[in-house]
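First up is the structure itself, then whatever we jot down about it.
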2 protein chains.
Amino acid sequence: MFKLLKKNGSARRGEFKTPHGTIQTPVFMNVGTSAAIKGGLSGPDLENIKCQVELSNTYHLHLRPGDGVIKQLGGIHKFMNFSKPILTDSGGFQVFSLASLRKIKEEGVYFSSHIDGKKIFMGPEESMQIQSNLASTIAMAFDECVENPSPRDYVLKSSEMTVRWLERCKKEMSRLNSLEDTINKKQLLFGINQGGVYTDIRQDNMKKIAEMDLDGYAIGGLAVGETSDEMYRIIEDVEPYMPQDKPRYLMGVGTPINILEAVERGVDFFDCVMPSRNARHGTLFTSCGQVNINNKKYETDDTPLDENCNCETCKNHSKGYLRHLFKSNEILGMRLAVIHNLYFYNNMMEEIRESLENGTFTQYKKEKISLL
Amino acid sequence: MFKLLKKNGSARRGEFKTPHGTIQTPVFMNVGTSAAIKGGLSGPDLENIKCQVELSNTYHLHLRPGDGVIKQLGGIHKFMNFSKPILTDSGGFQVFSLASLRKIKEEGVYFSSHIDGKKIFMGPEESMQIQSNLASTIAMAFDECVENPSPRDYVLKSSEMTVRWLERCKKEMSRLNSLEDTINKKQLLFGINQGGVYTDIRQDNMKKIAEMDLDGYAIGGLAVGETSDEMYRIIEDVEPYMPQDKPRYLMGVGTPINILEAVERGVDFFDCVMPSRNARHGTLFTSCGQVNINNKKYETDDTPLDENCNCETCKNHSKGYLRHLFKSNEILGMRLAVIHNLYFYNNMMEEIRESLENGTFTQYKKEKISLL
């Protein structure tokens, strides 16, 4: 299903066929935690900002409105009115970062909801069942995400358990995809590489999960405390052991520079809340560097945020107006800012793909970084 | 500039030519207090919800970002990117409802900003100057808006002062429109009828301001404490004294029923924050009555809010999804709800205009009210 079209060193230009359409890679997935992009963007809005894949969070949707509700409403695509591919995470990361009173056992994790304190159990099977109810295009395996750095002993045991969990995920997904009332019977499953900052654990884990012939492979447990350089080093450590014929996804990453560096090291999929979160606080990416739109100097600036940008915000509005919206706490400011930042990311990915096609990625990367 | 096309009893179908295009009346103006519709709608969004006239608030824009800033940015049309007619109120109503420590004198009003406590003076000339800087299509006269009921003596004196203020407004507007650096040299001025709930004061005031040959006439000081029936009675009191060849504007009104009743009594222009404010709290108008989208019964409802509605929200989203957005505090919920409620109002005005053209307004009104 993944076709490698061209390589520039380790960097890959590919395409990934899914039941909801073909994804051109490298790709940045736009995060809509609760089946909505924070900042007021709808499914149809995503079509206008070059979004290829939307990412929603299993943990949040399981708690509210409940995956059963979404199943009754026809699955997440129909629910949020977005027909292109949607990836759901496993819930694991949120169980470890948001939930309280959690207890990790071989069977899974016991925890309390961050919304109402309700006691919940989630293991590999439950995560797959929830994601099957959501009927996303791509489901992520249920894993334990450890923070960096963590003691070697703990990381080793955890990564071994994550492999056992992955086997259970694969089995359960296969069962769910064969059930008559499953909405998306062709749901794909990505495995997740873990191993903290330890090269040998990472590589060993990668070799084991590569054997399972999954639809794609993610590198998890990064961007959780380590430096960017350490992150790049870990990608380099595991990349040789990742199947060439499967897409690779670096979870929760990152800044434009992080993405360019990771593409160079052979990564195809990315996601990050940062561009939309920064946007909601008025920090905006442009082709000439970052802009804090709250700055007084933009008060009477009648030029667009970025002269080189074709997003709805830049085509229609001035920096002066955007600043006014932020100073007046108008929701419209957030919406226009999120539209711009996500467009910036999606457009950068398009430029990356073009440069890979032309064999000019190295040059493009250098120029882009000098402007960021 | 106002052309009366057809009458059904006192109800009027007309059109009003302005420097920013022709307004088909009766019309509902969509309120964007700080040059943005609360709920995240932009100027271009207004084009999609059948909005003919946007209304912004002089008081708010004078305080933030400042009318001088908007003038530097080319006026309010360019500022918010909306090319159709924009009406600005005079600031009077907000001075009397929001500002603190106000002192009313013959020359104008001394008050403190509700944002930072800054001491400000606003009189007829200042209001005209601010509105000229904003460069709206229609400026409103600076008046004192008294609450209902107020003592007869006070209302009489106030309405007499409002006439003197109106003369000063007209003179100042004329001067401003002749200045070289004025952005909209064809800015229109509407006078405002006052007089509380006292028929003779209202009528006397209306006769006096009618003589001034202004571009339009508003009935002010209603929807500020009196009953709907009293409001209808006052419209009936003053309507015979309003020029037939000028548009009539009932300020700050109202519910769909209020609008239908006022159209029947000869009113052409309306504005109200209620539809967008209600929308932001999940109360939505439909062709079959009001809906509180937070209601549990909509949790798994996959039908649109209103099967008969062609707005973006109803064309693209289910009640179940809308409810989820509200329960999850997603801004998208507010945006979709505001789009729907404003479209409902603008569309109802279109239906009113059609029924007036067909001579079936009375029947339309009766049927519509039975469904609200």
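Some observations on this one:
- Condition check for residue A:14: crowded, with 20+ Cβ neighbours inside 10 Å, within 14 Å of another protein chain (Cβ to nearest Cβ) and at pLDDT 95 or above: no
- Selection of region B:257-303 for residues being free of Cβ contacts under 8 Å to residues at least 60 places away in the same chain and among the hydroxyl-bearing types (Ser, Thr, Tyr) yields B:283, B:286, B:298, B:300, B:303.
- Test: residue in region A:348-368 that is outside any helix (DSSP H, G or I), in contact with an Asp or Glu (Cβ under 9 Å, 6 or more places away or on another chain) and away from every other protein chain (no Cβ under 14 Å): yes
- With respect to being more than 10 Å from chain B (Cβ to nearest Cβ), of a type in the set (Ser, Thr, Tyr) and within 17 Å of the chain's Cα centre (by Cα), residue A:34 falls outside the description.
- Residue tally, condition charged (D, E, K, R) and either open to solvent by less than 20 Å² (accessible area, probe 1.4 Å) or free of Cβ contacts under 8 Å to residues at least 24 places away in the same chain (or both), over region A:214-232: 1
- Applying the condition of being open to solvent by 10 Å² or more (accessible area, probe 1.4 Å) and of a type in the set (A, V, I, L, M, F, W, C) to region B:315-347 and asking which residue is farthest from the other protein chains (Cβ to nearest Cβ) yields B:344.
- Of all the listed residues (B:308, B:258), the sole one being more than 13 Å from chain A (Cβ to nearest Cβ), assigned to a helix (DSSP H, G or I) and of a type in the set (S, T, N, Q) is B:258.
- Taken over region A:215-253, the criterion of being part of a loop (DSSP other than H, G, I, E, B) and touching a helix residue (DSSP H, G or I) at 6+ places or on another chain (Cβ under 7 Å) is satisfied by A:222, A:223, A:242, A:243, A:253.
- Taking every residue in region B:89-100 that is β-branched (Val, Ile, Thr) and pairing it with any residue that is part of a strand (DSSP E or B), at least 6 positions away or on another chain, the pairs with Cβ-Cβ distances below 8 Å are B:95/B:102; B:95/B:109; B:95/B:111; B:95/B:122.
- Residues within region B:211-253 that are closer than 26 Å to residue B:54 by Cα and modelled with pLDDT under 95, tallied: 5
- With respect to the conditions (1) more than 10 Å from every other protein chain (Cβ to nearest Cβ); (2) farther than 30 Å from residue B:363 by Cβ; (3) surrounded by 24 or more Cβ atoms within 10 Å (Cβ to Cβ); (4) not β-branched (Val, Ile, Thr), residue B:20 falls short on a single one, namely (3).
- Criterion: surrounded by 20 or more Cβ atoms within 10 Å (Cβ to Cβ), charged (D, E, K, R) and under 30 Å from residue B:325 (Cβ atoms) - qualifying residue of B:302, B:271: B:271
- In region A:59-85, the residues that are out of contact with any Gly (no Cβ under 8 Å at 6 or more places or on another chain), on the phi > 0 side of the Ramachandran plot and either open to solvent by 10 Å² or more (accessible area, probe 1.4 Å) or within 10 Å of chain B (Cβ to nearest Cβ) (or both): A:66, A:74
- Each residue in region B:23-58 was checked for being within 22 Å of residue B:312 (Cβ to Cβ) and open to solvent by less than 10 Å² (accessible area, probe 1.4 Å), and 19 pass.
- Failed criterion for residue A:296 (all others in (1) open to solvent by 50 Å² or more (accessible area, probe 1.4 Å); (2) charged (D, E, K, R); (3) within 20 Å of the chain's Cα centre (by Cα) hold): (3)
- Residues in region B:37-58 that are more than 7 Å from every other protein chain (Cβ to nearest Cβ) and more than 17 Å from the chain's Cα centre (by Cα): B:45, B:47, B:48.
- Single condition residue B:246 does not satisfy, out of (1) of a type in the set (D, E, K, R); (2) in contact (Cβ under 8 Å) with a residue 12 or more places away in the chain; (3) more than 25 Å from residue A:337 (Cβ to Cβ); (4) within 11 Å of chain A (Cβ to nearest Cβ): (4)
- Checking A:107, A:54 one by one, the residue that is farther than 29 Å from residue A:245 by Cα and out of contact with any Ser or Thr (no Cβ under 7 Å at 6 or more places or on another chain) is A:107 and no other.
- Residue B:91 vs. criteria more than 9 Å from chain A (Cβ to nearest Cβ), buried (at least 24 other Cβ atoms within 10 Å of the Cβ) and within 17 Å of the chain's Cα centre (by Cα): yes
The values are calculated or read from the model by the stated rules, or taken from the named source; none is laboratory data. Note that this is a predicted model, so its numbers are computed, not measured. Cβ atoms come from the backbone with ideal geometry, glycine included; neighbour counts cover every protein chain shown. Note: accessible area is taken over every heavy atom of the protein model, side chains too, but ligands, DNA and RNA are not part of it. Shrake-Rupley method; radii C 1.70, N 1.55, O 1.52, S 1.80 Å.
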